[in-house]
1. Straight-line reach from Lys28: which lysines have a Cα under 24 Å away, not including same-chain ones fewer than 8 places off?
2. Which chymotrypsin sites (Phe, Trp or Tyr not before Pro) in the range 198-257 sit in a loop by DSSP (not H, G, I, E or B) and have at most 14 other Cβ atoms within 10 Å of their own Cβ?
3. Which shape class applies to the range 178-257: rounded if a/c is under 1.5, otherwise prolate when a/b exceeds b/c and oblate if not, where a ≥ b ≥ c are the square roots of the Cα gyration tensor eigenvalues?
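Read the figures in this text as sums done on the coordinates, not as results from a lab. What you are looking at is a predicted structure, and each value in this text was computed from that prediction instead of being measured. Note: ideal-geometry Cβ built from the backbone for every residue, glycine included; neighbour counts use all protein chains shown.
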Amino acid sequence: MIRFAFLILILFSLLAGSCSDRKNKPDKRNLIPEKELVSILVDIHIANGLFTLQKINFWYSSLDSITSYYQIIEKHGYTKEIMDKTMKYYFLNNPRRLNKIYDQALVILSEMESRVEKESIIEQGRISKLWPGRDFYSFPNTTGNDSTLFDITLIRTGIYTLSFSATLYPDDQSVNPRVIAYLSHPDSIETGRRRYIKTIVYIKDGQPHTYILTVPVPEKTILHLRGWLYNFDNLPYGLEKHAKIENISFTYRSVAV
């Protein structure tokens, strides 16, 4: 964490000097400006967090954390010696100001965290709206439109998940009621090759059951996911339907390559 990285820098700063420095007049020349020092501390914290990620740690396994910190300092246009001198000056001569600098870094990090959380909420909201159909289907349907056809364009590689709750009552006359879905390319939705998703047959007991369809899309291409939430084998004419489909959600998550 930032406190750990921060203390390491202070420790190295103190080791670079001597105890007799307290007796000498503080040297303020060539110190890193406060604004730049805050930016360096922020970047060190971010780097320290990234190194806790397994993949990042693997890629940069040849670097120890201290080396990475000094690389950050150099990226800002300063040397290890100037950083050591700056930290030692504040620690030995003006620790209260050092705390304020540290607090400024924390404020920036908190704002960054808040911004990321807001963006995540927006993204989750966008993902939750991927379902293009109605939120609720009930049969018999008094409106006369009882189609549960859906057609969703998938443009990203990853895992898509369709989940919903279905209640089929014992007096429902459909034969082999189920959800059916398949993938196809945009230029061959009607006539082209279809890759069917494993079918789930509904339970007719008058109780709500949750059903989940997982749709992996490994290739980088545009696909259509098409199907019906309520499909059956017998002809629909004169068929007495008694079912309810609700709590429909269609979500997406990326897959690390």
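1. The qualifying lysines are Lys75, Lys80, Lys85, Lys88, Lys100.
2. Values: sites: Tyr202, Tyr211, Trp228, Tyr230, Phe232, Tyr237, Phe250, Tyr252; in loops: Tyr202, Phe232, Tyr237.
Here the chymotrypsin sites (Phe, Trp or Tyr not before Pro) that fit, given the DSSP loop and packing criteria, are Tyr237.
3. Details: a/c = 2.99, a/b = 1.50, b/c = 1.99.
Verdict is oblate for the range 178-257.
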